[in-house]
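Colleague: Would you mind keeping the following structure in view while I ask a few things?
Each value in this text was obtained by applying a stated rule to the coordinates, not by laboratory testing. The structure presented is a predicted model; accordingly, all values stated were derived computationally and were not measured. Glycine gets a Cβ as well: all are built from the backbone with ideal geometry, and neighbour counts include every protein chain shown.
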Amino acid sequence: MAEKKAASKSGKKAKAKAKPKKASAAKTKKPKAKPKAKAKPKASKAAAASPLDKSVAQLRESLEESVTISRDRIQEVVDDAVKRGRMTRKDAEKLLNDLVKRGRKQTDALLAELERLVKQARKEVGGRAAPVRKQATQAARKARKKLG
């Protein structure tokens, strides 16, 4: 019996010694996380390059959060609930109409935002391309004059 106690004490000592090793392993993991934190500000600076980039990021987030379900699929689910007696036909129709109206509003809002972004992007690209276009036009005129 004394042997079992001695063995259990030595086992506890071994476990106690093992714990600091885990803690030292955790300390080595912390420096690895620091470079990741340094990389994030660079990404945020790149994202903050223009208002267009921010708007595109917001649109992307909106799309990622949204869910698309067809009216037919919603109708099937609602019909099933009515058949099982979970809701009345009148409530089901109201629910379906409300969901469709909300979905259309969200779709219209997203499309309006997308159209605004495309318009802004075209304006920026057109502004950047104008000097190059002007230079190319002048070069073409000079070339035509030389050729006669």
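Colleague: Starting from the 7 Å offset along Cα-to-Cβ, what nm value, one decimal, do you get for the label separation of Arg116 and Asp91?
Modeller: 3.8
Colleague: Rounding to the nearest 20 debye, state how big the charge dipole of the range 50-137 is about its Cα centre with +1 on each Lys and Arg Cβ and -1 on each Asp and Glu Cβ. Let's see the in-between values first.
Modeller: Numbers: 21 positive and 15 negative charges, 75 e Å.
Here the size comes out at about 360 debye.
Colleague: Mind counting lysine pairs for me in the range 50-137? Cα separation below 28 Å, and the two need to be 8 or more apart along the chain or on different chains.
Modeller: For the range 50-137, qualifying lysine pairs total 13.
Colleague: Going by amide H atoms built from the backbone, whose H comes under 5 Å of the H on Met87, apart from near neighbours?
Modeller: Val82
Colleague: Sticking with this structure for a sec: I need the calculated FRET efficiency for the pair Lys142 and Ala57, taking r as the beta carbon distance and R₀ as 35 Å, to the nearest 0.05. Please report the intermediate quantities before stating the final value.
Modeller: Details: r = 44 Å, r/R0 = 1.25.
In this case the efficiency is close to 0.20.
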